[in-house]
Amino acid sequence: MTSNSLFKWMGLGQQSGKPVADNNTLDEGERYFGLENFGNTCYSNSVVQALYFCKPFRHCVLNYPQTDVPEPAALQTINSSVNGNGHAYFPSASTSSVTATSLVGSGSMSSAKLSSRNSVNGQVNGTSSSSNNTNSTNGNTTNNGSSTSTVIEKDQNSINLAPGMEDTLFSSLKDLFWKISTHKKKSGVIAPINFINKVKKENELFRSSMHQDAHEFLNYVLNTIADDVQNYQQKRYAESDDSKKGSSINSDSNQTDTSSCNNPKSTWVHQLFEGVFSNETKCLSCETVTSRDECFMDLSIDVEMNSSITSCLRQFSASETLCHKNKYYCDICSGLQEAEKRMKIKKLPNILALHLKRFKYQEQLQKYIKLTYRVVFPFELRLFNTSDDTENADRMYELWSIVIHIGSGPHHGHYVAIVKSNGQWMLFDDDVVTQIQEEDIQKYFSDLPGSGSGYVLFYQAIDLDMNTINIPSKDAMEDISYSNGGPVQYASNKKAAPKVVEKVTLGPQVREGELVFGVAHIFASFNDTFVHVTDLSGRETISRITGGMQVKADRDESSPYAAMLAAQQVAAKCKELGINALHIKLRATGGTGTKTPGPGGQAALRALARAGMRIGRIEDVTPIPTDSTRRKGGRRGRRL
């Protein structure tokens, strides 16, 4: 769907606000660039735009690791807007006016745009394009904000990598951000070729041209960037530790635990997005309360008809009674007891990402449907479902970005992003950028005809202090190591000796071309996937990993990404033990349940094949209903 037809369908062609040419309040140092769509990459474009206009996140991406490269104009505006306390983060002073050529509007798509899009699509798909003009000039913009021609530039070779930093997803995103923020022009279109290719290279789930989920992509990007930053820090710390053998260093501090909420070496990604909620369980017999802390990068909340974000969050922390078959085992009572369970937020994040669970699986239809309920999201939010020991429980958040889903289901549709820049709301629809009025946002509370609905909401703490966000420089990391969880300074700059890694093989020696088979029992239910590998006799377990062990997935949602991670770990374990081929036994719930394997089954099977495992026989072992299968009304079913 082209941008012009999409805007007409959404009813955004006639905005009630004043034209862009009359806008004198846009940030002079800001850049408003659209991103080219390579088929079905609107999920990526919307998330990238939302993250780019998150100024703390952009500041950390562009400044990590700290170098001597001059700051772009956008970063100077960001840094100058932070006062001594680090509170007023968004610029509040009036800025210079922006001419009519400042934005790409919502007008018709010209032939130049179509030809440029075809040229870029060819490069993303691995083919060369005959058009190499990436520095074409921007065309004139009419008074109604529409563009007559488009500037399309690639995001490649913007900056050089820091010493020791590998070509990762983080470096590709940093490259894209730098290309936008240092551009001489205020507006245009950039083709994120390097970033999209890196995403497809790193994760096979995004290699197809199918419609993807923006929330899953956001989780993948944040977790991958956190891993890239941690790996870089760990590499620098390890080099520093090797050169300081005379100092006493706890070897356990060099291990990275990304799932620990109290990790002393957490990255700035965790410091921005990570929060902690506490699972509290109260035994109704002895009234003993036990709690378990879990980290989160975003909150997924259920939506209800004619509700609000506040009521959905209240329902998120509502008490649940564990009784009957779901009784709780109390260690004090030494038995199963009725209990009361609830979740409360223990640590508030600096940036709160709220995911509205608008896609629900219908067992009768055997597919997902979209919940078009009206859910009001405020511009300012205060969380009330906090625990008693929460620090700064009255923290206020401000809405600054929304990812909108347009369509009737999760497997088709379109994503756009609405961001707040210097008090003005801007809509980014791939390569089209349009200013909208604040009152227009209420149409995205529900999925009305001609509009979309809010899917991911980004709130930023008003009292966010950037001085508390630690961004170590590349020089400082050479002289910093960790001992007993705290930083220790060293004066030595001796270069580290290269490590000698010895490969250890646990299993039998396998000759080249020889196949050693095992059996992979894959049980794919709706919300989890079990990958259990045994020997051919089935007596010895080689590896057994579930998708729920890899990610903190919701019980009401499927996660093919978790199944892929589980299968990758199983394949690595099999290779260590000398097993390089697998027979597959795939099963669904069966019986009176569904006979179709869950979405994680196919993802696990593909991950095993891509990991280098040879696939033998594939057998469906889903149990079929028999006379002994219990149905509603008895073994033989309901009798008339």
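Every number in this text was worked out from the coordinates using simple rules, so none of it is lab data. In this text the structure is predicted, and so the values were computed from the model without any measurement. Cβ sites come from the backbone with ideal geometry, for glycine too, and all protein chains shown count toward neighbours.
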Report Rg/Rh for the stretch 357-431, rounded to two decimals, where Rg is the Cα radius of gyration and Rh the Kirkwood radius. 1.09
Assign one of three labels to the stretch 312-420, namely rounded, prolate or oblate, based on the Cα gyration tensor with a ≥ b ≥ c the square roots of its eigenvalues; rounded applies when a/c is under 1.5, prolate when it is not and a/b is larger than b/c, and oblate otherwise. oblate
Beta carbons within 10 angstrom, averaged per residue: use that to sort the peptides 598-604, 394-400, highest first. 598-604, 394-400
Packing-based exposure ordering (other Cβ within 10 Å, fewest first) of 549, 165: 549, 165
How would you rank 345-351, 564-570, highest first, on the average number of other Cβ atoms within 10 Å across their residues? 564-570, 345-351
Once each part is reduced to its C-alpha centroid, what is the distance from the stretch 169-197 to the stretch 329-358 in angstrom? 40
Expected sort for 41, 281, 468 with the fewest Cβ neighbours (10 Å cutoff) up front is 468, 281, 41
Protection-proxy order for peptides 607-615, 533-541, 175-183, each taking the mean of Cβ atoms within 10 Å per residue, highest first: 175-183, 607-615, 533-541
Work out the FRET efficiency for residue 279 and residue 325 from their Cβ-Cβ distance, taking R0 = 22 Å, and round it to the nearest 0.05. 0.65
Give me 526, 517, 57 ranked fewest to most by other Cβ atoms within 10 Å of their Cβ, as a rough exposure proxy. 517, 526, 57
